[in-house]
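If you scroll down you'll find the structure; I have some questions about it.
Quick note: the coordinates plus some simple rules give every number you see, no bench work behind them. What you see is a predicted model, and the numbers here were worked out from it, not measured in a lab. Cβ atoms come from the backbone with ideal geometry, glycine included; neighbour counts cover every protein chain shown.
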Amino acid sequence: MPSRHRTVVVGASTGGFTTAESLRCNGYDGRITVVGEEPHRPYHRPPLSKQILAGEWALGDATITSAATTPALSIDLVLGTRATGLDTDRRTVKTTDGELSFDSLVIATGVSARRPARQYALAGFHTLRTLDDSTALTADLRGATHVLVVGAGVLGSEIAAVLAKRGLAVTLVGRSGSIRFGQTGSLLSSRVADLHETNGVRLLLALDVIRLLGTDRVTGAVLSDGSTVAADVVVAAVGSSPRVEWLAGSDLQLADGVVCDSAGRAAKDIYAVGDVARWSDTPGTHSARVEHQQNAIEQAHAVASTISTGIPHAPDIVPFFWSELYGTRIQAYGRFTGAGTLDVVAGDPAEGKFVGLASRDGTAVGVVGWNLPRAFRIARAQFTSGTADIGERQLAP
Ligand SMILES: Cc1cc2nc3c(=O)[nH]c(=O)nc-3n(C[C@H](O)[C@H](O)[C@H](O)COP(=O)(O)OP(=O)(O)OC[C@H]3O[C@@H](n4cnc5c(N)ncnc54)[C@H](O)[C@@H]3O)c2cc1C
């Protein structure tokens with residue numbers, strides 16, 4: 001690898017910064033420039049809807065890297081700068097601060113929170129994706145008593161749980177008739193619903209928000225059945241959009257994210273990692289975008305290995321995520337599409353602690369942990385090695 005080789009990483013968060021660190025760990029001695037539009041040092045997002053929203057952590061506690069370690073790694077961190085275009089022929093990235101030329105480019109621009117409609121510009125309406133979103137939401141919660149959370153997925157559930165724990169009256173509205181909990185689909189729906197109801201969250205499923213009420217500031221919302229919900233603050237967690245707008249007009253293939261092969265290559269010497277990246281599987285028959293922190297980290301390691309060795313590294317990354325609701329740690333590992341049953345292999349659901357093996361047509365496809373992290377780790381290892389045994393006790397969905 002020539003020492004003048006330069007890697008530019010666009011996106012200074014989990015995927016982007018991990019790629020840069022991993023390049024150095026692999027002995028890469030070229031220049032590394034990481035460009036990020038946010039003014040903050042790279043930080044992890046999971047605490048935004050957990051410890052930070054709960055007021056247990058300061059904003060700085062989510063930081064991935066301190067100002068002291070970055071110079072030691074010789075990573076040029078350019079913050080507050082947005083990439084605005086890519087020229088693959090000239091191998092340059094256009095930014096709000098000028099042009100950067102690269103030998104290798106890593107796209108790690110993540111996703112943005114979907115904002116449903118123009119009317120949602122009302123004060124008191126929030127989404128939660130960034131540290132700045134977190135600061136704005138926390139400030140607005142002061143003096144609030146009623147909160148409406150729109151979107152009963154993982155993020156909406158976490159926000160509802162934390163705000164209920166903070167003593168607010170929380171209504172959680174979901175469009176689907178069951179709670180879709182990330183990759184586990186509706187396998188955990190009734191258990192998550194029970195948790196919300198036990199902890200005082202008013203759960204309204206199979207309903208949508210039609211419009212917000214209020215003139216300058218939100219006062220509530222009208223739902224699809226004509227009923228109204230009063231709220232001082234509304235938080236929407238209704239999905240995301242890949243940040244590919246700056247790649248429009250480039251010759252990369254964009255289709256709900258940056259389309260990549262199984263080693264994360266979008267074009268020669270151009271890679272994408274993390275939430276924005278749509279990697280194909282090894283046979284190249286199926287591609288998916290995965291919005292989990294661990295996925296971004298594993299893809300970053302793989303791409304760093306490919307860049308530093310010149311040998312394409314195409315790992316089989318099995319999706320893994322965790323969440324926390326009212327002190328209950330929920331973990332899931334596997335590919336759950338079409339999984340219809342969950343068999344208890346450890347613990348006891350009646351005691352609020354169990355590990356379940358999800359299966360599709362009698363074949364185990366994933367492991368779910370419910371407040372039993374150690375047994376989850378064991379079951380996950382057994383699942384990975386193909387020695388997991390589908391238990392006798394089936395859990396009703
Ligand atoms: C509130 C919240 C809670 C979460 N909780 C969990 C959890 O419990 N477990 C889990 O597994 N995952 C969780 N996630 C998901 C996890 O945080 C993501 O999978 C992870 O952040 C993906 O990292 P990334 O680097 O791909 O993208 P991001 O973290 O989105 O980073 C992309 C960065 O690129 C920047 N950027 C975008 N466009 C440009 C541009 N043109 N120029 C320069 N910079 C740009 C963005 O500003 C951003 O800083 C959570 C996410 C959120 C928002």
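Give the peptides 137-145, 356-364 in descending order of average Cβ contacts within 10 Å, highest first.
For the peptides 137-145, 356-364, the packing ranking is 356-364, 137-145.
Under the Kirkwood approximation for Rh and a Cα-based Rg, what ratio Rg/Rh is obtained for the chain?
Ratio of gyration radius to Kirkwood radius: 0.98.
Can you give me the P(r) profile for the range 295-379? Cα pairs, bins 10 angstrom wide beginning at 0, each as a whole percent.
Bins of 10 Å from zero give 17, 37, 26, 15, 4, 0 percent of pairs.
Helix-only mean residue ellipticity at 222 nm, the chain, DSSP H runs n ≥ 4 weighted -39,500 (n - 2.57), per residue, nearest 500. What is it?
-6000 deg cm²/dmol
Further, regarding this structure: Quick one: dipole size for the range 327-395, taken about the Cα centre, charges +1 on Lys/Arg Cβ and -1 on Asp/Glu Cβ, in debye to the nearest 20.
Here the range 327-395 has a charge dipole of around 320 debye.
Here's another thing I want to ask about it. Residue farthest toward the positive end of the dipole of the chain, with Cβ of Lys/Arg at +1 and Asp/Glu at -1: which of T282, T145, Y43?
Farthest towards the positive end: T145.
Specify which residue in the list Y120, S104, T309 is farthest towards the positive end of the charge dipole of the chain, using unit charges on the beta carbon of Lys, Arg (+1) and Asp, Glu (-1), about the Cα centre.
It is Y120, whose Cα lies furthest towards the positive end.
Where in the range 284-348 are there trypsin sites (Lys or Arg not before Pro) that are in a DSSP coil and have at most 13 other Cβ atoms within 10 angstrom of their Cβ?
Sites meeting the loop and neighbour criteria: none at all.
Hey, another quick one. Which ³J(HN,Hα) values, rounded to whole Hz and listed in residue order, are derived for the range 307-321 from phi using the Karplus coefficients 6.51, -1.76 and 1.60 in 6.51 cos²θ - 1.76 cosθ + 1.60 with θ = phi - 60°, glycine and proline given as x?
Each residue of the range 307-321 in turn: 5, 7, 9, x, 9, x, 10, 10, x, 8, 8, 8, x, 9, 9 Hz.
Cα extents of the range 239-339 along the three principal axes, largest first, in whole Å?
Principal-axis extents of the Cα atoms in the range 239-339, largest first: 45, 30, 26 Å.
Could I ask something else about it? Can you list residues whose amide H is under 5 Å from V258's amide H, if they're 5+ apart or on another chain and H is modeled 1.01 Å from N?
Residues meeting the criterion, in which the H sits 1.01 Å from N, are A277, R278.
Give the order of E351, E197, E21 when sorted by the count of other beta carbons within 10 angstrom, beginning with the fewest.
E351, E197, E21
Follow-up. Quick check for me: using +1 on Lys/Arg Cβ and -1 on Asp/Glu Cβ, what's the dipole size of the chain about its Cα centre, in debye to the nearest 20?
220 debye
Next question. Run through every distinct alpha carbon pair of the range 150-254 and return the Kirkwood hydrodynamic radius in angstroms, one decimal place.
It is 15.1 Å.
Further question: With springs only between Cα atoms under 10 Å, which of H196, H40, H286 fluctuates most in a Gaussian network model of the chain?
Judging by the Gaussian network model, the answer is H286.
Report the charge-dipole magnitude of the range 107-203 in Debye, nearest 20, computed about the Cα centre from +1 at each Lys and Arg Cβ and -1 at each Asp and Glu Cβ.
In total the dipole reaches around 180 debye.
Are there trypsin sites (Lys or Arg not before Pro) in the range 33-102 that DSSP puts in a loop and that have at most 11 other Cβ atoms within 10 Å, and which ones?
Sites meeting the loop and neighbour criteria: R90.
Name the residue from V365, Q293, A237 whose Cα lies farthest towards the positive end of the charge dipole of the chain, charges +1 on Cβ of Lys and Arg and -1 on Cβ of Asp and Glu.
Of the options given, the answer is A237.
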